[in-house]
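Encoded as structure tokens, the structure appears first; notes follow it.
The values are calculated or read from the model by the stated rules, or taken from the named source; none is laboratory data. Keep in mind it's a predicted model, so treat the numbers as computed, not measured. No Cβ is skipped: glycine too gets one built from the backbone with ideal geometry, and neighbour counts run over all protein chains shown. We work out accessible area using only protein heavy atoms, side chains counted, and drop any ligands, DNA or RNA first. Shrake-Rupley method; radii C 1.70, N 1.55, O 1.52, S 1.80 Å.
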Amino acid sequence: MRGKYFLLGFLLLKLMALVCKADGEPGLLGGFVMIATSNGSREEESVSEETPHTEDKCRGYYDVMGQWDPPFFCKTGNYLYCCGTCGFRFCCAYKHSRLDQSTCKNYGTPAWMRTGQTPYKKMNKMHDSTKDKTNLIVYIICGVVAIMALVGIFTKLGLEKAHRPQRENMSR
């Protein structure tokens with residue numbers, strides 16, 4: 001009888017160890033509880049003195065559409081680093097994905113967005129718009145199609161009139 005209780009207790013202990021391991025409870029390794037302690041070495045003291053990263057600031061920038069995106073802080077949950085590209089920034093959790101914002105050049109107003117200044121238009125001396133004949137070709141093609149449509153309509157009317165039965169002269 002005592003062996004049955006011992007076996008039942010052992011099985012319950014193993015079952016609890018599996019449940020705790022599946023839930024990801026820290027400190028369990030194969031049914032054993034692990035306790036972390038310090039051995040007094042200098043390496044651990046230097047690691048513990050380093051302050052954890054708490055937030056990162058994404059600077060304000062002009063995105064690819066010319067829209068100004070204001071600066072924002074990355075300090076929500078695990079998302080502590082400013083990541084992405086120079087034209088699209090967001091917060092992420094990985095330090096190795098962090099954006100080096102000093103390399104970005106989109107902090108000033110884009111040249112094409114500055115009003116009051118006309119954009120520089122380079123004149124091509126080789127191209128003369130008065131000698132351009134592409135519109136003439138379109139007009140010719142549309143004219144030929146319109147003439148063919150009129151010829152078809154008049155041909156159909158003429159054939160219908162020719163096939164109509166002759167009327168006799170009736171007097172009243």
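Could you sort the peptides 66-78, 151-163 by per-residue average Cβ neighbour count (10 Å cutoff), highest mean leading?
Those peptides, ordered most packed to least, come out 66-78, 151-163.
Give the accessible area for Val144 in Å² (nearest 10); use a 1.4 Å probe, count only protein heavy atoms, and leave out ligands, DNA and RNA.
Approximately 80 Å² for this residue.
How high is the FRET efficiency between Asn78 and Thr115 when r is their beta carbon distance and R₀ equals 35 Å, given to the nearest 0.05?
0.25
Suppose the chain between Glu55 and Phe154 were pulled fully straight at 0.36 nm per residue; how much longer would it get relative to their current alpha carbon spacing?
27.5 nm
For a Förster distance of 45 Å, can you work out the FRET efficiency between the beta-carbons of Ser97 and Thr130, rounded to the nearest 0.05?
The formula returns an efficiency of 0.20 here.
Based on the Cβ-Cβ distance of Ile141 and His163, what FRET efficiency does E = 1/(1 + (r/R0)^6) give at R0 = 35 Å, to the nearest 0.05?
Efficiency at R0 = 35 Å is approximately 0.55.
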